[in-house]
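S.K.: Below you will find the structure I want to go over with you.
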Amino acid sequence: MVKKIIKSIFGDPNEGKLKRYRQKVEEINALEPQLQKETDEELRQRSFKLRENHQKGIPLDDLLVEAFALVREASRRTTGLRHFDVQLIGGMVLHEGNIAEMRTGEGKTLVATLPLYLNSLTGRGSHLVTPNDYLSKVGLQQMGPIYHFLGVSAGVIQSSAQQRGSFLYDPEFHSNDERYENLRPLTRKEAYAADITYGTNNEFGFDYLRDNMVRDLREKVQRGHYFGIVDEVDNILID
């Protein structure tokens, strides 16, 4: 009863947020016809310009509309997948540090590309935390073409006993093991230096602990923690 009274006086706060998100979606959709006319190189130059604009002091929130529109068009050209409006909203929710509940099959992997790319423009790194190695590896292999198209580097940290190591997405690299196709081996430190890094909560966590025990700072592999998305957040945070 009290909640109903408060809602009648102040309105539903979630509705206010949704209205703001829908306005952003309309702006993103309005850019789509123009972006579809541009060449691959013109879109890539737009991506570089966004990074420059942020370095000049323009906040990420002011770049969100064009960044999300670029990711959508890059995805359509490279993977054949086009973000739905509700997925754009999901990307905004994650960018703002909130939890987005999505069922299996609703495109969580695709949604994550939006805020990961936007926050990679800072040059400080974006992390995607997954429950296991397979999801990290396949997630990067599936979404890597989007990042590569936009001139963004993306790596993955692996911990499996069969293939422990770290990799960078490279469409021109062909592995002898088809499971690691387009994943070029590199050092763990280099993987963390990528604009976007996929990995498990265990690996990110233990690398953080190991970095705090090094005797020489040059031995540290991580470079700080700016932005991260946690997949299956209920399970991971309980762990």
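Where a number appears in this text, it was derived from the coordinates with a stated rule and is not lab data. Keep in mind the model is a prediction, meaning the values are calculated, not measured. Every residue, glycine among them, receives a Cβ derived from its backbone with ideal geometry; neighbour counts consider all protein chains shown.
S.K.: Long-range amide H contacts for L183: which residues qualify at under 5 Å (H placed 1.01 Å from N, peptide plane, sequence gap of 5 or more or a different chain)?
M.R.: Here D170, S175 satisfy the definition.
S.K.: Counting other Cβ atoms within 10 Å of each Cβ, which trypsin sites (Lys or Arg not before Pro) in the stretch 99-154 have at most 15 and sit in a DSSP loop?
M.R.: Working: sites: R103, K108, R124, K137; in loops: R103, R124.
Answer in residue order: R103, R124.
S.K.: Also: On a full-extension model of 0.36 nm per residue, what is the gain between R20 and E101, subtracting their alpha-carbon distance, rounded to one decimal in nm?
M.R.: Details: separation 81, 0.36 × 81 = 29.16 nm, distance 1.88 nm.
Length difference between fully extended and current span is 27.3 nm.
S.K.: Let me ask something else about it. Which percent, to the nearest 5, of DSSP beta bridges fully inside the chain are antiparallel?
M.R.: Numbers: 8 of 20 bridges.
Antiparallel bridges: around 40 percent, rounded to the nearest 5.
S.K.: Let me ask another. First select every other residue whose beta carbon is under 10 angstrom from the beta carbon of S120; then total the charges, Lys and Arg +1, Asp and Glu -1.
M.R.: Values: positive: R51, R124; negative: D195.
The answer is +1.
S.K.: Taking amide H positions as placed in the peptide plane 1.01 Å from N, state which residues far from L128 in sequence (5 or more) or on other chains have amide H under 5 Å from it.
M.R.: Excluding prolines and chain starts, which carry no amide H, the hits are T197, Y198, G199, I229.
S.K.: I would also like to ask the following. Number of Lys-Lys pairs in the chain under 26 Å by Cα, sequence gap 8 or more or different chains?
M.R.: The number of close lysine pairs in the chain is 18.
S.K.: Between the stretch 87-123 and the stretch 186-200, what is the separation of their alpha carbon centroids in Å?
M.R.: 19
S.K.: If packing is taken as the average number of other Cβ atoms within 10 Å across a peptide's residues, how do 139-147, 109-117, 48-56, 74-82 rank, most packed first? Mind showing how you got there, number by number?
M.R.: On the way: 139-147: 22.2, 109-117: 25.3, 48-56: 14.1, 74-82: 16.4.
Put in order of decreasing packing, that is 109-117, 139-147, 74-82, 48-56.
S.K.: Would you mind computing, in nm to one decimal, how far apart the modelled labels at R124 and D234 are, each placed 7 Å from Cα along Cα→Cβ?
M.R.: 3.1
S.K.: Next up: Expressed as a rounded percentage, what relative contact order does the chain have, with Cα pairs under 8 Å and six or more residues apart?
M.R.: Values: 336 pairs, mean separation 43.2, N = 239.
Relative contact order for the chain comes out at 18 percent.
S.K.: OK, next. Give the calculated FRET efficiency between E38 and V138 to the nearest 0.05, with a Förster radius of 22 Å applied to their Cβ-Cβ distance.
M.R.: Numbers: r = 30 Å, r/R0 = 1.36.
Approximately 0.15, to the nearest 0.05.
S.K.: Specify which labelled value, from (1) 58, 49, 37; (2) 58, 34, 27; (3) 51, 38, 32, agrees with Cα extents along the principal axes in Å derived from the coordinates of the model shown.
M.R.: Evaluating Cα extents along the principal axes in Å on these atoms matches (1).
S.K.: Report the FRET efficiency, 1/(1 + (r/R0)^6), for E27 and E181, where r is their Cβ-Cβ distance and R0 is 41 Å, rounded to 0.05. Intermediate values should be presented prior to the final figure.
M.R.: On the way: r = 37 Å, r/R0 = 0.91.
Efficiency, rounded to the nearest 0.05: 0.65.
S.K.: Enumerate the calculated ³J(HN,Hα) couplings along the stretch 146-158 in order (Karplus 6.51 cos²θ - 1.76 cosθ + 1.60, θ = phi - 60°), each rounded to whole Hz, writing x wherever the residue is Gly or Pro.
M.R.: Values, residue by residue: 5, 5, 4, 4, 8, x, 10, 7, 9, x, 9, 9, 10 Hz.
S.K.: Related question: Restricting to DSSP loop positions (anything but H, G, I, E, B) with no more than 14 other Cβ atoms inside 10 Å of their own Cβ, which chymotrypsin sites (Phe, Trp or Tyr not before Pro) remain in the stretch 191-230?
M.R.: Filter output for the stretch 191-230: Y226.
S.K.: Calculate the spin-label point distance for E172 paired with D85, positioning each point 7 Å from the Cα along the beta-carbon direction, and give it in nanometres.
M.R.: If labels sit at D85 and E172, their model points lie 4.2 nm apart.
S.K.: I'd like the Karplus ³J(HN,Hα) series for the stretch 135-145: coefficients 6.51, -1.76, 1.60, θ = phi - 60°, whole numbers in Hz, and an x wherever there's a Gly or Pro.
M.R.: 5, 5, 5, 5, x, 5, 4, 6, 9, x, x
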